[in-house]
């Protein structure tokens with residue numbers, strides 16, 4: 001896991017806080033509570049713990065927590081048991097999660113930063129290979145201090161695998177439909193080269209590549225076939241001259257570097273074959289539900305890393321066409337997840353606005369003749385505006401992954 005939920009949730013509460021441009025591992029859990037168990041005397045590893053430390057183990061989860069104050073604080077959690085455990089701060093009534101510590105090892109302590117407001121809170125522990133245990137509820141009365149107004153850590157209802165069953169099916173259908181649209185576009189590109197028509201091939205390469213980029217296949221979503229279809233020469237020891245360089249970017253390199261149609265008929269056939277294989281295999285693929293939230297964030301994160309950095313451009317100068325398609329893929333996944341996100345992510349309107357702004361900036365560089373302005377020809381102000389808009393969208397999308405990760409319910 002990356003950032004714990006206790007670090008993500010305060011950011012959801014304050015529009016002024018900016019998330020890092022990294023893939024944020026998700027932290028929501030379908031964690032069911034159980035009655036508090038009691039045990040015989042148990043070992044205490046951390047001698048001399050501070051008086052305010054809250055102790056947890058496989059039997060008792062914060063049983064010594066009897067009172068709490070409102071406002072910003074760092075709850076000190078000490079694992080005095082013998083098993084590594086996940087520790088959550090929850091609303092014991094609704095199950096909403098306010099913070100978490102991931103993998104708290106025996107004999108260690110860690111802090112859980114939160115801003116508490118009026119309500120009832122409890123610690124919930126989920127030891128390795130054991131049932132979850134919920135501690136006593138602690139009532140907090142009184143609003144957070146004025147300086148903390150509007151930043152009280154919001155509770156996020158956990159998402160289960162069952163919650164994501166419908167969205168996974170919708171995503172599967174979306175990709176299958178997208179692949180069915182991709183096949184004829186690739187076949188047309190292949191036919192252009194077979195006919196020796198390089199101008200037509202250059203014109204048809206762009207919409208075919210855009211259609212692939214709409215599928216949301218970020219971060220190896222399609223495995224080896226994804227690399228065969230859209231791999232970059234920078235990943236290969238021989239670069240653009242490597243025998244393993246194929247797919248869309250191999251054709252792009254050849255089409256915009258003076259290679260003949262005869263030079264490119266083989267790579268075109270390889271691309272068509274890989275697309276056909278993906279279209280045939282994908283309907284039986286098993287999609288891990290946790291990938292939906294991750295891809296919603298990672299598609300644009302990939303665009304920042306590879307497209308807006310200029311790494312992926314092999315000569316066509318159509319980077320912004322790819323970014324435009326990546327926005328389509330992101331919005332498609334957001335649409336699928338929206339019923340789950342609407343009650344959980346107050347930043348959805350800001351995400352929608354950020355994507356609209358980014359699309360407006362990208363499509364402003366789509367020329368009347370159908371071509372796209374290459375990154376190198378943008379003004380400094382245009383590049384800065386694009387980078388800012390893309391970075392802002394990625395930051396706002398990061399908690400989507402955090403909110404939507406399911407976990408198996410061990411209760």
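The values are calculated or read from the model by the stated rules, or taken from the named source; none is laboratory data. Because the structure is a prediction, the values reported are computed rather than measured. Cβ coordinates were reconstructed from backbone atoms using ideal geometry, including for glycine residues, and neighbour counts include every protein chain displayed.
Looking across segment 378-411, the residues that are touching a residue at least 12 places away in the same chain (Cβ under 8 Å) and more than 30 Å from residue 157 (Cα to Cα) come down to 378, 382, 385, 386, 387.
Report yes if some residue within segment 235-245 is touching a helix residue (DSSP H, G or I) at 6+ places or on another chain (Cβ under 7 Å), outside any helix (DSSP H, G or I) and farther than 20 Å from residue 329 by Cα; otherwise report no.
Taking segment 235-245 and keeping what is touching a helix residue (DSSP H, G or I) at 6+ places or on another chain (Cβ under 7 Å), we get 239-240, 242, 245.
This time we only want the ones that are outside any helix (DSSP H, G or I), so: 242, 245.
Restricting the remaining residues to those that are farther than 20 Å from residue 329 by Cα gives 242, 245.
Yes, some residue in segment 235-245 is touching a helix residue (DSSP H, G or I) at 6+ places or on another chain (Cβ under 7 Å), outside any helix (DSSP H, G or I) and farther than 20 Å from residue 329 by Cα.
Screening 337, 386, 341, 333 for residues that are modelled with pLDDT of 95 or more, more than 30 Å from residue 86 (Cα to Cα) and in the same structural domain as residue 176 (by TED's automatic domain parsing) leaves exactly one candidate, 386. Within segment 169-184, the set of residues being surrounded by fewer than 18 Cβ atoms within 10 Å (Cβ to Cβ), in contact with a helix residue (DSSP H, G or I) (Cβ under 8 Å, 6 or more places away or on another chain) and modelled with pLDDT of 95 or more comprises 170, 176, 180, 181, 183.
Residue-by-condition table, conditions (1) in a helix (DSSP H, G or I); (2) over 22 Å from residue 374 (Cβ atoms); (3) within 28 Å of the chain's Cα centre (by Cα); (4) in contact (Cβ under 8 Å) with a residue 60 or more places away in the chain:
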position: 251; (1), (2), (3), (4): yes, no, no, yes
position: 259; (1), (2), (3), (4): no, no, no, no
position: 265; (1), (2), (3), (4): yes, yes, no, yes
position: 280; (1), (2), (3), (4): yes, yes, yes, no
position: 283; (1), (2), (3), (4): yes, yes, yes, yes
position: 295; (1), (2), (3), (4): yes, yes, yes, yes
position: 303; (1), (2), (3), (4): yes, no, yes, yes
position: 306; (1), (2), (3), (4): yes, no, yes, yes
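Mind listing whichever residues of segment 188-231 are closer than 17 Å to residue 320 by Cα and more than 22 Å from the chain's Cα centre (by Cα)? The answer is 202, 203, 204, 205, 206, 207, 208, 209.
Quick check on residue 355: is it part of a helix (DSSP H, G or I), within 17 Å of residue 401 (Cβ to Cβ), touching a helix residue (DSSP H, G or I) at 6+ places or on another chain (Cβ under 6 Å) and free of Cβ contacts under 8 Å to residues at least 40 places away in the same chain?
Numbers: part of a helix (DSSP H, G or I): yes; within 17 Å of residue 401 (Cβ to Cβ): yes; touching a helix residue (DSSP H, G or I) at 6+ places or on another chain (Cβ under 6 Å): yes; free of Cβ contacts under 8 Å to residues at least 40 places away in the same chain: yes.
In short, yes.
Mind listing just one residue for me: the one in segment 364-411 that is part of a loop (DSSP other than H, G, I, E, B) and under 24 Å from the mean Cα position of the chain (by Cα) and, of those, farthest from residue 324 (Cα to Cα)? Only one residue fits best here, namely 409.
Can residue 291 be described as surrounded by fewer than 15 Cβ atoms within 10 Å (Cβ to Cβ) and within 22 Å of residue 223 (Cα to Cα)? Judged against the criteria, residue 291 is not a match.
Matching residues to (1) loosely packed, with under 14 Cβ neighbours inside 10 Å; (2) more than 23 Å from residue 306 (Cβ to Cβ); (3) touching a strand residue (DSSP E or B) at 6+ places or on another chain (Cβ under 7 Å); (4) at pLDDT 95 or above:
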| residue | (1), (2), (3), (4) |
| --- | --- |
| 224 | yes, no, no, no |
| 236 | no, no, no, no |
| 248 | no, no, no, yes |
| 252 | no, no, no, yes |
| 262 | yes, yes, no, yes |
| 276 | no, yes, no, yes |
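Residues checked against (1) at pLDDT below 95; (2) part of a loop (DSSP other than H, G, I, E, B):
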{"site": "193", "(1), (2)": "no, no"}
{"site": "196", "(1), (2)": "no, yes"}
{"site": "204", "(1), (2)": "no, no"}
{"site": "207", "(1), (2)": "no, no"}
{"site": "216", "(1), (2)": "yes, yes"}
{"site": "227", "(1), (2)": "yes, no"}
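Taken together, 361, 334 contain a single residue that is in a helix (DSSP H, G or I) and within 30 Å of residue 169 (Cα to Cα), which is 334.
For segment 93-108, a residue qualifies if it is in a loop (DSSP other than H, G, I, E, B), surrounded by 16 or more Cβ atoms within 10 Å (Cβ to Cβ) and either in contact with a helix residue (DSSP H, G or I) (Cβ under 7 Å, 6 or more places away or on another chain) or on the phi > 0 side of the Ramachandran plot (or both), and exactly one does: 95.
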